Amino acid sequence: MSNKPTVVLVHGFWGGAAHWNKVIAELLRKGYTSIRAVELPLTSLADDAERLRKMVAQQQGPVLLVGHSYGGAVITQAGDMPNVTGLVYIAAFAPDAGESPGGITQAHPPVAAASLAPDSDGYLWVAPEKFHESFCQDLGAEEGRVMGVTQKAPLASTFGDAITAPAWKKKPSWYQISSDDRMIAPANQERMAARLGAKKVITLAASHASLASKSVEVAALIDEAATA
């Protein structure tokens, strides 16, 4: 019986659970036997937080939540559950009460803001031909193009959904900053990481997709949080 917590991985905008593939492989190598990757609807913060709560409630024993990008807002909103032992933010939003990902973004607009394009149904896309340069410029061009084609677009309105009670005020946290991030400005990541009072903050020379390009380092931070 493993004494490691269940690791629940929470993706962000423009990706699904499969964005965690490389991190999952690393965690398996480290002996993690209970790993889950939630698939969010990306229709509203309330919908996404409820989906995550349901998955966490299904797990037996302690759970470590790991959020990438907008997934950080989801673990912030849903993370104050009795069996959650900690929160790990991977180039992620960590909003305070009353803050939304959109509001935080406006403080320091990201380099790739111009690559975002809404469609007539209200979904917000990263232009597929610009996905590689915008989201994952430190991955190969072909991998970036595939990620662009398979991206999961959120309803644009989700950007404006505000946090009510941030779980990081009650749970220990860890944060990974991507210094070459073109989707969430590094200055925003640094500000959010600083106010968390995180147990550890690491900075990687990585794109927004650090979970794919720096999976060894990301998995090591998750492992450190899980064993803390």
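Miscellaneous remarks
- Shape analysis of the stretch 164-228 places it in the oblate category; the axes a ≥ b ≥ c from the Cα gyration tensor give an a/c of at least 1.5, with a/b not above b/c.
- Only helical runs count toward this figure. For the chain, summing -39,500 (n - 2.57) over DSSP H runs of n ≥ 4 and dividing by all residues gives -9500 deg cm²/dmol at 222 nm.
- Scattering curve values for the chain, log₁₀ I(q)/I(0), Debye with Cα scatterers, q = 0.09, 0.10 Å⁻¹: -0.31, -0.38
- Shape category assigned to the stretch 1-72 from the gyration tensor of Cα positions, a/c cut at 1.5: oblate
- GNM result for the chain, Cα springs below 10 Å: residue of 90, 184, 24 fluctuating most strongly: 24
- Remark: relative contact order (the stretch 5-46) = 56 percent; criterion is Cα-Cα distance under 8 angstrom and separation of 6 or more residues.
- Placing dummy labels 7 Å off each Cα toward the beta-carbon, the span from residue 199 to residue 121 is 4.2 nm.
- From least to most packed, judged by other beta carbons within 10 angstrom and beginning with the fewest, 191, 29, 53 follow the order 29, 191, 53.
- The lysines within cross-link reach of residue 199, meaning a Cα-to-Cα straight distance under 19 Å and a gap of 8 or more places when in the same chain, are 4, 169, 170, 171.
- Summing Lys and Arg as +1 and Asp and Glu as -1 over all other residues whose Cβ lies under 13 Å from the Cβ of residue 110 gives a net charge of -1.
- The per residue volume of the convex hull around the alpha-carbon atoms of the stretch 76-161 is 135 Å³.
- Within the shell defined by Cβ-Cβ distances under 15 Å, the residues around residue 204 carry a net charge of -3, with Lys and Arg each +1 and Asp and Glu each -1.
- Prolate/oblate/rounded call for the stretch 95-228, Cα gyration tensor, a/c under 1.5 rounded: oblate
- When +1 charges are put on Lys and Arg Cβ atoms and -1 charges on Asp and Glu Cβ atoms, the dipole computed for the stretch 1-53 relative to its Cα centre reaches about 340 debye.
Computed from the coordinates by the stated procedures, all read-outs in this text should not be read as laboratory data. All of these numbers come straight from a predicted model, not from anything done at the bench. Here the Cβ is made from the backbone with ideal geometry for all residues, glycine too, and neighbour counts use every protein chain on show.
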